[in-house]
Amino acid sequence: MAQFPSPIWQIPGQRHNVLVKICGLTLVDNALDCVNAGADIIGLVFFEKSPRHVSIAQAREIARALPQGVPACGVFVNETFDTIMQTVSACGLDIVQLHGAETPELADRLSAQNLVVTKAFFAARPPKLCETEKYKSADFCLAEYGKGILPGGNAETWDYDQTLEMAKKVRLMLAGGLNPENVADAVARTHPHAVDVSSGVEKAKGIKDISKVKAFIKAAKSVSI
């Protein structure tokens with residue numbers, strides 16, 4: 001398991017600085033620029049239909065370039081345990097994000113491999129925001145809208161207040177439609193453990209605009225929670 005910054009493990013409800021995950025990276029230099037801007041977690045998408053999809057070779061190069069303490073998170077949608085573990089091993093991933101209709105049993109098996117597990121829940125489709133109790137092994141519970149064409153990354157803003165109860169019980173990772181202009185308000189309202197952004201800080205699909213990344217991180221971490 002990676003050596004994460006200590007705030008990543010703070011209990012729900014405890015005051016902390018929000019963690020920032022920049023997701024959908026496709027280039028090494030772009031990922032490192034995000035880290036230098038203050039990103040806490042780098043996300044790599046393995047869903048082939050996503051415009052931000054990366055190959056094993058791309059992901060391995062990015063993950064190996066990250067400094068110690070900045071974990072690489074692999075985003076998977078309805079993949080098998082074997083496929084996920086093969087990718088984890090090949091790329092050196094520290095976190096696996098399950099962004100589909102994966103079962104609690106799959107999350108349990110991955111957690112038993114000393115991986116940090118993030119499970120996605122949705123306001124508009126299953127698994128719903130109220131179903132986090134079924135996934136007791138999930139280290140992070142990601143909440144987003146879930147109404148767009150893709151499983152994630154649709155830049156759809158939604159009523160973030162729907163996560164208020166989640167934030168009291170789990171390590172909430174807030175996602176969906178966040179950008180430098182609205183993230184501070186969203187953090188202040190929902191008190192998440194982390195925030196996740198992709199299209200909200202891009203200049204092209206899979207390429208982050210570092211000025212936007214810096215503005216997003218500054219805004220997200222400006223709120224005391």
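The values are calculated or read from the model by the stated rules, or taken from the named source; none is laboratory data. Predicted, not measured: the structure shown is a model, and the values here were computed from it. Cβ placement follows ideal geometry from the backbone for every residue including glycine, while neighbour counts extend to all protein chains displayed. The area values use the complete protein model at the heavy-atom level, side chains included, leaving out ligands, DNA and RNA. Shrake-Rupley method; radii C 1.70, N 1.55, O 1.52, S 1.80 Å.
What the table shows:
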item	result
Cross-chain or 6+ apart pairs with Cβ under 9 Å, segment 125-141 first and closer than 13 Å to Leu172 by Cα, then among the aromatic types (Phe, Trp, Tyr) and part of a loop (DSSP other than H, G, I, E, B)	Cys141/Tyr135
Subset of segment 119-129 [open to solvent by 60 Å² or more (accessible area, probe 1.4 Å) and at pLDDT 95 or above]	Lys128
Residue pairs meeting the criteria (Cβ under 9 Å; at least 6 apart or on separate chains; first on the phi > 0 side of the Ramachandran plot, in segment 195-217; second open to solvent by 40 Å² or more (accessible area, probe 1.4 Å))	Gly206/Leu27; Gly206/Pro51; Gly206/His53
Pick from segment 188-201, criterion under 16 Å from Ile41 (Cβ atoms) and of a type outside the set (Asp, Glu), ranking: surrounded by the fewest Cβ atoms within 10 Å (Cβ to Cβ)	Ala194
Scope segment 81-106; condition surrounded by 13 or more Cβ atoms within 10 Å (Cβ to Cβ), assigned to a helix (DSSP H, G or I) and not polar (S, T, N, Q); matching residues	Phe81, Ile84, Met85, Val88, Ala90, Cys91, Pro104, Leu106
Verdict on Gly24 being modelled with pLDDT of 95 or more and assigned to a loop (DSSP other than H, G, I, E, B)	yes
Among the candidates Val116, Val77, Val54, residue that is touching a Ser or Thr at 6+ places or on another chain (Cβ under 7 Å) and buried (at least 16 other Cβ atoms within 10 Å of the Cβ)	Val54
Restricting segment 60-74 to residues that are under 20 Å from Lys119 (Cα atoms) and either of a type in the set (Ser, Thr, Tyr) or without any contact (Cβ under 8 Å) to a residue 60 or more places away in the chain (or both), the residue that is most open to solvent (accessible area, probe 1.4 Å)	Val70
Any hit, segment 152-161, residues being under 16 Å from Gln97 (Cα atoms), in contact (Cβ under 8 Å) with a residue 40 or more places away in the chain and surrounded by 14 or more Cβ atoms within 10 Å (Cβ to Cβ)	yes
